[in-house]
Amino acid sequence: MNPAAQKPSAAALAQLFEPIREDLRAVEREFARHVQSQVALIPTIGDYIQNGGGKRIRPAVLLMAARMAGYTGERAVLYASVLEFIHTATLVHDDIIDESQLRRGRQAVHTRWGNHVTVLFGDFLYLKSMSLALTQDDLAIIRLLCDVTLRIVEGEIYQLTKNGDADLTETEHFEIVQSKTAYLFAGCARIGGMLGPITRDQQEALWQYGLNIGMAFQIVDDLLDFTGEQQALGKPVGGDLREGKMTLPVIHLYAGGDERTRALLRRVVETRAVSVDEWREIRALLAQARSIDYAHRTAVDFVERAKKALNAFPPSEAREALLYLPDYVVSRDR
């Protein structure tokens, strides 16, 4: 049975990623081992985050890209751990910036331990990631990791300057998504490939694969703010609007809306408050304007670009898994 021929599901994805299951477990162990500290609170928070769930898609991309590139050594697990440290640092910092009280249905780290501790814990994770990377003395990969991390931080700052701005354009929004989310996926894919004997063109193909998956991933994540249920999402719905964020479906609605629609969206985004009636009206307007469909089609376009990038590689089990992943990303419901 070919899982890729079925409707995308977490179970089918797990089946395709079966060859790297032990490597993913090793990534978990590496994270737990390197988050140890003489300061007892650091591993306590690390354990809390690890037990909070998460599908580990980013390390899986790195590990499978390494397999597709012909590499099966131990460095793949180490670099997957490095990227997981960076990703976790972005999450704990994001929750403070967004004032999010929940993460995957549980208290966010800053809600439980306070902003001061959480900021420093995120800094610890960033520095730990670079410390681990330096043990391999691979300057090209270290440069890439630094560039990706800088882009993420730049994306966060840029988004903060645009929060509350109802006139945010689609191009500006994509710049934010690319920096905040897509570059990390791209880095995972390219670093995995850099471990094997592949060409520069194939490395670039992996970068494009990861970049486009990351774009699709964030668009779908933003869509769930309007289509998901709080229990499934593990966070309150409507959170993006309450944070003053214009995401793709809202940008589409605003661009094509009448004056009343634009005034409603502007008021909600600028005041960062939305009533139950306003929320219902906005959802109805999104449906009427087919803005949800537009955003979903855009995510699918990014998915197709991701899959096309893998034409640079011959057929293999790892390539099949990476081809399936974009379809799963765009169809997920949380």
Which one, A216, A182, A26, has the greatest fluctuation when you compute a Gaussian network model over the chain with C-alpha springs under 10 angstrom? A26
The chain: Lys pairs at Cα distance under 30 angstrom, eight or more positions apart or on different chains: 23
Go ahead and run the numbers for FRET between S131 and R21, Cβ-Cβ distance against an R0 of 25 Å, rounding to 0.05. 0.40
For a quick check of your reading of the filter: which trypsin sites (Lys or Arg not before Pro) in segment 37-121 sit in a DSSP loop and have no more than 16 other Cβ atoms within 10 Å? K55, R104
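What number comes out for accessible area per residue over segment 184-329 if the probe is 1.4 Å? Units Å², please.
43
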With every protein chain left in place and a probe of 1.4 Å, what is the accessible surface of K128, to the nearest 10 Å²? 50
Among the GluC sites (Glu not before Pro) within segment 45-131, which fall in a DSSP loop and have no more than 15 other Cβ atoms within 10 Å of their own Cβ? E74, E99
M194 - accessible surface, heavy atoms, 1.4 Å probe, Å² rounded to 10: 50
Give the residues of segment 303-334 whose amide nitrogen is closer than 18 Å to a point set 7 Å from the Cα of E170 in the direction of its Cβ. 303-306
When only the heavy atoms of the protein chains count and the probe is 1.4 Å, how do D165, D225, D301, D201 rank by accessible area, highest first? D201, D301, D165, D225
Do any GluC sites (Glu not before Pro) in segment 151-230 lie in a loop, going by DSSP, with at most 14 other beta-carbon atoms within 10 Å of their beta carbon, and if so which? E229
Nearest 10, in degrees from 0 to 90: the angle of helix 21-34 to the longest Cα principal axis of the chain is 80
In the set (i) 58, 21, 18; (ii) 36, 23, 16; (iii) 32, 25, 18, which value of semi-axes √(5λ) of the Cα gyration tensor in Å was calculated from the structure you see? (iii)
Once the whole set of protein chains is in place, how much accessible area is left on T169, using a 1.4 Å probe, in Å² to the nearest 10? 60
When the chain is treated as a GNM, springs tying every alpha-carbon pair under 10 Å, which of F124, F217, F85 comes out with the largest mean-square fluctuation? F124
Of the heavy-atom accessible surface of segment 109-200 (probe 1.4 angstrom), what whole percent is carbon and sulfur? 56
Under the helix-only model (-39500 (n - 2.57) for each DSSP H run of 4 or more, divided by the residues of the chain), the mean residue ellipticity at 222 nm, to 500 deg cm²/dmol, is -23000 deg cm²/dmol
Probe radius 1.4 Å, ligands and nucleic acids ignored: give me the carbon and sulfur share of the accessible area of segment 14-102 as a rounded percent. 49
Counting only protein heavy atoms and a 1.4 Å probe, tell me what percentage of segment 209-334's accessible area is made up of carbon and sulfur. 48
Mind jotting down the distance between the C-alpha centroids of segment 56-110 and segment 273-334, whole Å? 20
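The values are calculated or read from the model by the stated rules, or taken from the named source; none is laboratory data. Because the structure is a prediction, the values reported are computed rather than measured. Cβ atoms come from the backbone with ideal geometry, glycine included; neighbour counts cover every protein chain shown. These accessible areas exclude ligands, DNA and RNA; they are computed on the full protein's heavy atoms, side chains included. Shrake-Rupley method; radii C 1.70, N 1.55, O 1.52, S 1.80 Å.
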